[in-house]
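The values are calculated or read from the model by the stated rules, or taken from the named source; none is laboratory data. Only a predicted model underlies this, so the values are computations on that prediction, with no experimental measurement involved. Cβ placement follows ideal geometry from the backbone for every residue including glycine, while neighbour counts extend to all protein chains displayed. The protein model used for the area step is the full one, side chains on, heavy atoms only, and it has no ligands, DNA or RNA in it. Shrake-Rupley method; radii C 1.70, N 1.55, O 1.52, S 1.80 Å.
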Amino acid sequence: MDSTELHFYQPSFSELERRYLLQALEGRYWGGGEWVARLEEALRLFYGREAVVVSSGTAALHIALTLLLGEAGGEVIVPTWTFTATASEIVHAGGVPVLADVDENLHLSPQTVEPLISPRTRGIIVMHYAGAPAPLKDLLDLCKRYNLWLLEDACHAIPSLYEGQLCGKFGTAAALSFHATKPIASGQGGAILFSDPELAKKARQLRQHGIRRNLEAPWDYEVETLGWNYMLSDFQAAVALAQLERLPETHQKRQNIARLYTSALQDLSHIRPYPFERFQSVSWHLYPVFWKGASAEQRDKLLRELRQKGIQLSLHYKPLHRHKAYSPYLRPTQRFPQAEHAYNEIFSLPLWADMTEEQAYKVIEALRIAIPA
Ligand SMILES: Cc1ncc(COP(=O)(O)O)c(C=O)c1O
């Protein structure tokens, strides 16, 4: 790609990221110490929940599910409309994913979940697609009725609000991602939020090999349980902390571009934006749109054509039930009509905090030419 080409995403950073990163470089322990602790404290204050920082959103889901499922395993209901990590980590934690269709906002809903609940069901993972909050109240009511836990995959949802409260504060646990394209980005990174400090303590142990250090003799330790090396380095934590402190500014910038898209798309009769207006507050992680009446082949052709012209659009998602690795988890008569319908028409527009209005108009113009009215 040359410099005139428009990427799907570009990092946005300031003097603050630069300063914190250099300070971390001067630090005494690069492996994850002072800056990880600072980031955890900042997240704890932001969310009002215990925060355990880990090396990715995937690691966050893996640890959270390991704790929630325990030795017993069991089934976990998960939307087919999500990234693979939401469901793969159920398997890695010893459980069985049960894929559910989504509602017209591409979220799990009681209507899609309830028919899948069985005596083997242990919990539900809800994913706040594109940073638009899923119907948490209805899903929490359902969980209460069937004695299930709710895990929020809030990897898209920093800082989305549901009924005035941050997404990530509702489930028994929540997973956050600081992957390069997310609203808080540190290259790789993530965190788990818990209301129960005991679970947070266990998660801290699992992220470092299940080790408990002897504080009297720090060279000595006991491996109490088998864990992983899911620690974040201090460099990544320093960048994530700067990004968290700048979130009000970057969120506003993403919102400005998103509003520009929404207004400019009114002239494109074949394109319908994702219904963001139904939600009180969204993170603007993604800006998905639907090409009304299109087929997956037409959509793929469009994405290919625009890439050739130097404009990167993307697809979120090809639903999980369409992927080979999930075929063992499908039930014989299961259908996913809403996800299938959306899969034909959907694609995502480029969006990042420092995107210029000119770049956003360039995307709209390219669509106007490629999809004539
Ligand atoms: C919905 C969702 N869940 C989980 C993840 C995994 O996060 P990470 O890439 O930080 O492992 C992602 C990230 O891409 C995601 O979009």
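For the reader, a short list of remarks on this structure follows.
- FRET efficiency for the pair Arg28 and Glu297, taken as 1/(1 + (r/R0)^6) with r the Cβ-Cβ distance and R0 = 56 Å, rounds to 0.50.
- Residues in the chain average 45 Å² of solvent-accessible surface per residue, probe 1.4 Å, ligands and nucleic acids excluded.
- Neighbour count of at most 16 Cβ within 10 Å plus DSSP loop: longest GluC sites (Glu not before Pro)-free window in the chain: 225-373
- Set Lys169/Lys292; Lys324/Lys362; Lys144/Lys169; Lys201/Lys318 screened for pairs whose C-alpha atoms are more than 27 Å apart: Lys169/Lys292; Lys324/Lys362; Lys201/Lys318
- Part-to-part distance (alpha-carbon centres) for the stretch 140-201 and the stretch 46-77, which is given in Å: 9
- Gap separating the Cα centres of the stretch 215-272 and the stretch 273-351, nearest whole Å: 22
- Taking Cβ atoms as reference points and 14 Å as the exclusive limit, the residues near Glu71 contribute a net charge of +2, counting Lys and Arg as +1 and Asp and Glu as -1.
- The modelled label-to-label distance between Leu215 and Arg19, using points 7 Å beyond Cα along the C-beta direction, is 3.3 nm.
- Rolling a 1.4 Å probe over the protein heavy atoms of the chain, with every protein chain left in place, gives an accessible area that is 52 percent carbon and sulfur.
- Separation in nanometres of the label points that stand 7 Å from Cα toward Cβ, at Gln255 and Glu5: 3.4
- Other residues lying with their Cβ under 15 Å from the Cβ of Pro110 contribute a combined charge of -3, Lys and Arg counting +1, Asp and Glu -1.
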